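Asks: Here it is, the structure in full.
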Amino acid sequence: MKAVIQRVSNAQVKVDGKTVGKIGNGLLVLLGVYEDDTSFDTEILASKVPSLRVFCDSDDKMNLSVKDIDGEILVISNFTLCADTKKGNRPSFTMARSPNEANAEYEKFCSLLKDNGIKNVQKGVFGADMQVSLLNDGPVTIILDTQIWRK
């Protein structure tokens, strides 16, 4: 499972021109689910994201988590994070989980974020053509890949 996490002042996602998810200060998470991901991947990532210390404390040090600041999280499913670009110039997505199974892990991830202390978790629409806008704060962008923790 791979997540691109951006610290944002605000973010929103629209589908067919209608806002379906919107947050203020917090994290935008783009989530890709791989074919071989298990509950371990979902659980470890959902516990790590809320605890990442990427928000500044009173000394302007990144020492606070989104939980510490009572921030929000917007999660967007993004199978393109699973792209294989080793051969040629056209990405292959064969390593991405099938849509039904990936959606189940996406929903579980969002639910686990709430279980891990995030009061407001917003979502996009799985599989939809979405337009995501954000104001990246910093910019701070972190990539987490559960493959690293499996080794």
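The values are calculated or read from the model by the stated rules, or taken from the named source; none is laboratory data. Just so we're clear, the structure is a prediction, and the values are computed from it rather than from any experiment. Every residue, glycine as well, gets a Cβ built from its backbone with ideal geometry; the counts of neighbours run over all protein chains shown. Areas reflect the complete protein model, heavy atoms only, side chains present, ligands, DNA and RNA absent. Shrake-Rupley method; radii C 1.70, N 1.55, O 1.52, S 1.80 Å.
Asks: So, in the range 84-110, exactly how many residues are open to solvent by 50 Å² or more (accessible area, probe 1.4 Å), more than 15 Å from the chain's Cα centre (by Cα) and among the charged types (D, E, K, R)?
Replies: Summing the residues that are open to solvent by 50 Å² or more (accessible area, probe 1.4 Å), more than 15 Å from the chain's Cα centre (by Cα) and among the charged types (D, E, K, R) in the range 84-110 gives 4.
Asks: Just for the range 68-83: of the residues that are not hydrophobic (A, V, I, L, M, F, W, C) and not in a loop (DSSP other than H, G, I, E, B), which one is most open to solvent (accessible area, probe 1.4 Å)?
Replies: Here is the first cut: in the range 68-83, the ones not hydrophobic (A, V, I, L, M, F, W, C) are 68, 70-72, 77-78, 80.
Within this subset, residues satisfying the condition of being not in a loop (DSSP other than H, G, I, E, B) are 72, 77, 80.
Numbers: Glu72: 47, Ser77: 20, Thr80: 70 Å².
By that ranking, first place goes to Thr80.
Asks: Please go through the range 35-56 and give me each residue that is in a loop (DSSP other than H, G, I, E, B), open to solvent by 10 Å² or more (accessible area, probe 1.4 Å), touching a residue at least 60 places away in the same chain (Cβ under 8 Å) and not aliphatic (A, V, I, L, M), ordered by number.
Replies: Glu35
Conditions tested, residue by residue: (1) closer than 20 Å to Gln12 by Cα; (2) among the polar types (S, T, N, Q); (3) touching a residue at least 24 places away in the same chain (Cβ under 8 Å).
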| position | (1), (2), (3) |
| --- | --- |
| Ala104 | no, no, no |
| Lys119 | yes, no, yes |
| Phe126 | yes, no, yes |
| Asp129 | yes, no, yes |
| Ser133 | yes, yes, yes |
| Ile142 | yes, no, yes |
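Asks: Here's something else I'd like to know. Take the residues of the range 125-151 that are of a type in the set (Gly, Ala, Ser) and either out of contact with any helix residue (DSSP H, G or I) (no Cβ under 8 Å at 6 or more places or on another chain) or at pLDDT 95 or above (or both): which is least open to solvent (accessible area, probe 1.4 Å)? Before you say what the answer is, go through the steps one by one.
Replies: Applying the first criterion (of a type in the set (Gly, Ala, Ser)) to the range 125-151 yields 127-128, 133, 138.
With either out of contact with any helix residue (DSSP H, G or I) (no Cβ under 8 Å at 6 or more places or on another chain) or at pLDDT 95 or above (or both) added as a condition, the list becomes 128, 133, 138.
On the way: Ala128: 33, Ser133: 53, Gly138: 62 Å².
Among those residues, the one meeting the criterion is Ala128.
Asks: Quick one: Lys18 ticks every box in (1) open to solvent by 60 Å² or more (accessible area, probe 1.4 Å); (2) in contact with a Cys (Cβ under 7 Å, 6 or more places away or on another chain) except a single one, so which number is it?
Replies: Lys18 satisfies all of (1) open to solvent by 60 Å² or more (accessible area, probe 1.4 Å); (2) in contact with a Cys (Cβ under 7 Å, 6 or more places away or on another chain) except (2).
Asks: Taking Gly32 as the residue in question, decide whether it is under 12 Å from the mean Cα position of the chain (by Cα), within 19 Å of Ser98 (Cβ to Cβ) and crowded, with 21+ Cβ neighbours inside 10 Å.
Replies: So Gly32 fits the description; yes.
Asks: Working only within the range 115-131, note down all residues that are within 14 Å of Ile23 (Cβ to Cβ), touching a Lys or Arg at 6+ places or on another chain (Cβ under 8 Å) and not polar (S, T, N, Q).
Replies: Taking the range 115-131 and keeping what is within 14 Å of Ile23 (Cβ to Cβ), we get 118-124.
Pick out the ones that are also touching a Lys or Arg at 6+ places or on another chain (Cβ under 8 Å) and you get 118, 121-122.
Residues satisfying the conditions are Ile118, Val121.
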